[in-house]
Amino acid sequence: MLIKRNPGKSRNIIATIAIGEKYVDSWEKYAYPLWLKYCENNDLGLIVFTEDLISTEHQFWKKATWQKLLIGDYIKNSSVKNINNICYLDTDILLNPLAPNIFDCHKKDSISLVS
């Protein structure tokens, strides 16, 4: 887990999974600069997972597309504390740095989903 930007007073974070050099390099080249600016503009933390969240030897190991379901528990048990909300985004999403804060659309004590 790489903390690219610590969460601000909002205590909200954007998280993604980029496992493998090819995926990390591509995300850092094309998406990361926009994501970072978006997070700065909206006082959000930014975390990228570059390794499996569960060992490949574990009987319940799944591909990264399923490991996103483990992010909340992983962060809860990490050194990152006092997180209110987590927004998971796929690495191929480009964020407009001037877009509204995604967490302004989130209803407290619920799970939000955007298709």
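The values are calculated or read from the model by the stated rules, or taken from the named source; none is laboratory data. From a predicted model like this one, the values you see are computed outputs, not experimental measurements. When we count neighbours, we look across all protein chains shown, and the Cβ atoms used for this are built from the backbone with ideal geometry, even at glycine. Heads up: the accessible areas ignore ligands, DNA and RNA and are worked out on the full protein's heavy atoms, side chains in. Shrake-Rupley method; radii C 1.70, N 1.55, O 1.52, S 1.80 Å.
One table, with the values for the structure above:
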item: Solvent exposure, largest accessible area first (probe 1.4 Å, DNA, RNA and ligands not counted), of Ile111, Ile86, Ile13; result: Ile111, Ile86, Ile13
item: For the range 3-53: rounded, prolate or oblate by the Cα gyration tensor [a/c cutoff 1.5]; result: oblate
item: Residue-span extension gain [Ala99 to Lys81] - 0.36 nm each, minus C-alpha spacing; result: 3.8 nm
item: Sequence of Asp25, Asp43 from largest to smallest accessible area, 1.4 Å probe; result: Asp25, Asp43
item: Cβ-defined net charge surrounding Ser10, 14 Å radius [Lys, Arg +1; Asp, Glu -1]; result: +1
item: Stretch gain in nm, segment Asp90-Ile54, where the contour uses 0.36 nm per residue and the Cα spacing is subtracted; result: 11.1 nm
item: Inter-part distance where the range 3-81 and the range 88-115 are each reduced to a Cα centre, Å; result: 14
item: Rounded accessible area of Glu28 (nearest 10 Å², 1.4 Å probe); result: 70
item: Helix-derived mean residue ellipticity, 222 nm - over the chain, DSSP H n ≥ 4, -39500 (n - 2.57), to 500; result: -5500 deg cm²/dmol
item: Exposure rank, largest accessible area first [Tyr23, Tyr74, Tyr32; 1.4 Å]; result: Tyr23, Tyr74, Tyr32
item: Relative contact order (percent, whole number), the chain, Cα cutoff 8 Å, 6+ residue spacing; result: 39
item: Lysine pairs in the chain with Cα atoms under 17 Å, if 8 or more residues apart or on separate chains; result: 9
item: Whole-number accessible area per residue in Å² for the chain, which is evaluated in the context of all protein chains at 1.4 Å; result: 69
item: Simple label model, 7 Å out from Cα along Cβ direction - His106 to Thr65, nm; result: 2.5
item: Global geometry of the range 59-112, whether rounded, prolate or oblate, following the gyration tensor of its Cα atoms and the 1.5 cut on a/c; result: oblate
item: Phe60 accessible area, assembled protein chains, probe 1.4 Å, Å²; result: 130
item: Nearest 10 degrees, 0 to 90: helix 32-42 Cα axis against the chain principal axis; result: 50
item: Cα gyration tensor category, rounded, prolate or oblate, for the range 17-115 with a/c compared to 1.5; result: oblate
